[in-house]
Amino acid sequence: MRTIGVVTVSRSDYGIYLPILRRIEEESELELRLYVGGMHLAPQFGYTAQWIEADGYEIAGRVEMLEVSDEPEGISKSIGRGVIGFAQCYAEGAPDILMVLGDRFEMFAAAAAA
């Protein structure tokens, strides 16, 4: 069994991932591990992690990383928190393959932690 880790940090990437997530779930030789962070976990952005769960997906790891400020210092702190958080998620069982999508700093943190 191969484990596929998928990182989602916002509604925009989650929507793109949906067909891929469905295909992974259909394959008996694949196990999906969904890592959720960024805007999905922020109340000010609608806490959209609940949408993921409502779609029937189990969240393998949640990474609280967003700082209040979107100034360079705040973004840097968010990246640091994200690298630590994603590294902790992967330490609990590293996926064989990790999918990241887009150019957001949250995705950079997820990739750097891998």
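Throughout, read-outs are computed from the coordinates displayed, never taken from laboratory work. Predicted, not measured: the structure shown is a model, and the values here were computed from it. No Cβ is skipped: glycine too gets one built from the backbone with ideal geometry, and neighbour counts run over all protein chains shown.
Structural remarks
- Span-like helix criteria (full DSSP H runs; alpha carbon extent of at least 15 Å along the helix axis; mean Kyte-Doolittle hydropathy of at least -1.0) are satisfied in the chain by 11-26, 72-91.
- Peptide packing: for 99-111, 42-54, the average count of neighbouring Cβ atoms within 10 Å per residue gives the ranking 99-111, 42-54, highest mean first.
- Estimated FRET transfer efficiency (PHE45, SER76; beta-carbon r; R0 22 Å; 0.05): 0.65
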